[in-house]
Amino acid sequence: MNTAKVIGSIHSEEAARLRALARYEIMDSPPDGSFDRITAICARMFDMPIALVTLVDHDRIWFKSRYGLDAAQIDREPGLCASAILSPDIYVVNDAKFDPRTLANPLVSGSMGLRFYAAAPLTTSDGFGLGTLCVIDQRPRSFSAAEQQTLQDLAAVVMDEMELRIAALRSITREAEREREFVAIVGHELRNPLNNLHLSLSVAQEELEAQPEHPSQRWLTKATTYARGLSTLLSELLDVARADQGQMNLKLAPLDLQQLMEELVEQVCLQNPLHSITISGSIRSSVMADPLRLEQVIMNLLTNAVKYAPESRTIQVVLSEDVDHVHVSVADEGVGIPQAQQALIFQRYYRSPGSDKNTQGLGVGLYIAANIITQHHGRIWVENGESKGAVFHFTLPRRPIRRAAP
Ligand code: ADP
């Protein structure tokens, strides 16, 4: 075989190994109790200052778990683990200063002062070495055959843990996909009969128009209200499915947010004569936004202020803008939202304890609102007002104002 061929096969072998590593979706994942327990056990059992679960990427060695070391990763050169994964057996360096494999390694000659190193490779069932479970000391050590066997067994436990972890991740993803498909299919199947129901009700309503005192009139009004409720529920469910997939399909156009706000406030005031809603401040610039989706966000905030703070008489809307953003806040005079729940209320299906018995809702309004705002590259959050009540805020990027040419 010529040299070029050998190098070529090394490259494709390494590419296959990196693909195997990618299968586990573990690189740069957050710390994980089970891996940390294994490195802690190694350090204690073998009396080592450092124990690591390492994974060898194309250019770096990343530590899935590190006991006794601050660094999160090191370059692949001069890392020792890159050599350790080349063989399926345990790799032991008793005194790195005198071992020809390591004596020139900067980890040995440099400030790290590494003297002892033992690594059991993390090998996949199809034979790829992904990294190691290794222990390190700054003094020369011996490592008995029994200790070597234990380290190898623990490396196999690390591998099992990686398999379990990816199996769990996959099953969660599959579950979420099935749920989304179910909602989307059921949603579309329900849409048609529901539209027909609305149509039939409005025909019946027209026919009864001439006889307002007819005994069926009352039932017809009720049926229309129920059908409307069902449509809202269905739209919410479909929106959740879309939001989950990040597919709100925004139709962006320049929008006068202040005008939209004024129209919607007027509409909510008409529907809720007991509440007064004031607008202060102003937004002169326009935003690039989907008007129907923004209407949905604003209506959700305004109707929530009415729904969850029925005792508040005044709801204050404040409009403002700075160089980059426009800013809208909606403040009510209700009980507010406990600090611990302020992030939770934007989650899917979350309803504060107690809201079930008093008000209707699926707990998805704010989840959808947050998705819409995020997809517009804006931000949404809530805080408690200075005296009482909740204050919801959202910002959106402002459209640049073109200056007239001088
Ligand atoms: P829904 O109204 O369908 O329950 P939302 O996502 O709109 O869902 O709201 C989630 C939860 O946030 C509500 O159940 C309620 O407990 C809380 N919440 C929303 N707005 C307010 C508000 N203005 N004041 C107090 N609590 C609120």
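Considering the conditions (1) farther than 24 Å from residue 84 by Cα; (2) aliphatic (A, V, I, L, M); (3) without any contact (Cβ under 8 Å) to a residue 40 or more places away in the chain, residue 169 is excluded by exactly one of them, (3).
Hey, any hits in the range 200-222 for a residue that's farther than 30 Å from residue 319 by Cβ, over 25 Å from the mean Cα position of the chain (by Cα), at pLDDT below 90 and among the aliphatic types (A, V, I, L, M)? Yes, some residue in the range 200-222 is farther than 30 Å from residue 319 by Cβ, over 25 Å from the mean Cα position of the chain (by Cα), at pLDDT below 90 and among the aliphatic types (A, V, I, L, M).
Only one residue in 263, 181, 189 is within 21 Å of residue 365 (Cβ to Cβ), acidic (Asp, Glu) and free of Cβ contacts under 8 Å to residues at least 60 places away in the same chain. Which one? Please lay out each step first, then the result.
Details: 181 fails: within 21 Å of residue 365 (Cβ to Cβ); 189 fails: within 21 Å of residue 365 (Cβ to Cβ).
Within the list 263, 181, 189, the selection yields 263.
Name the helices (runs of 4 or more DSSP H) wholly inside the range 1-85 in which the number of residues that are in contact (Cβ under 8 Å) with a residue 40 or more places away in the chain is 3 or more.
By residue number, 3-23, 33-46.
Inside the range 86-130, can you point out the residues that are outside any loop (DSSP other than H, G, I, E, B), among the hydroxyl-bearing types (Ser, Thr, Tyr) and under 23 Å from residue 38 (Cβ atoms)? Result: 91, 117, 123.
Of 180, 170, all but one fail to be at pLDDT 90 or above, within 21 Å of the chain's Cα centre (by Cα) and surrounded by 11 or more Cβ atoms within 10 Å (Cβ to Cβ); the exception is 170.
Yes/no per residue for (1) in contact with a Cys (Cβ under 6 Å, 6 or more places away or on another chain); (2) at pLDDT 95 or above; (3) among the charged types (D, E, K, R):
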position	(1), (2), (3)
101	no, no, yes
106	no, no, no
121	no, yes, no
139	no, yes, yes
142	no, yes, no
145	no, yes, no
150	no, yes, no
156	no, yes, no
159	no, yes, no
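Does any residue of the range 26-35 turn out to be over 23 Å from residue 147 (Cα atoms) and of a type in the set (Ser, Thr, Tyr)? The answer is yes; a qualifying residue exists. Quick one: in the range 76-94, which of the residues that are within 25 Å of residue 153 (Cβ to Cβ) and not aliphatic (A, V, I, L, M) is surrounded by the most Cβ atoms within 10 Å (Cβ to Cβ)? The extreme case among them is 81.
Residues of the range 268-290 that are in contact (Cβ under 8 Å) with a residue 12 or more places away in the chain, more than 15 Å from the ligand (Cβ to nearest atom) and of a type outside the set (A, V, I, L, M, F, W, C): 276, 278, 280, 281, 282, 284, 285, 286, 290.
So residue 253 fits all but one of (1) surrounded by 13 or more Cβ atoms within 10 Å (Cβ to Cβ); (2) among the small types (Gly, Ala, Ser); (3) at pLDDT 90 or above; what number is the exception? That leaves (1) as the condition not met.
Report whether or not residue 293 is surrounded by fewer than 16 Cβ atoms within 10 Å (Cβ to Cβ) and either touching a residue at least 24 places away in the same chain (Cβ under 8 Å) or within 22 Å of residue 384 (Cα to Cα) (or both). Steps first, answer last, please.
Working: surrounded by fewer than 16 Cβ atoms within 10 Å (Cβ to Cβ): no; either touching a residue at least 24 places away in the same chain (Cβ under 8 Å) or within 22 Å of residue 384 (Cα to Cα) (or both): yes.
Judged against the criteria, residue 293 is not a match.
Residues in the range 261-310 that are among the β-branched types (Val, Ile, Thr) and within 25 Å of residue 352 (Cα to Cα): 268, 277, 297, 298, 303, 306.
Scanning the range 391-406 for residues that are at pLDDT below 95 and within 28 Å of residue 313 (Cα to Cα) returns no hits. Is it fair to say residue 236 is within 16 Å of the ligand (Cβ to nearest atom), touching a Gly at 6+ places or on another chain (Cβ under 8 Å), under 30 Å from residue 173 (Cα atoms) and not basic (Lys, Arg)? Judged against the criteria, residue 236 is a match.
The values are calculated or read from the model by the stated rules, or taken from the named source; none is laboratory data. Everything quoted here is computed from the prediction, not taken from an experiment. Glycine also receives a Cβ, built like all others from the backbone with ideal geometry; neighbour counts cover every protein chain displayed.
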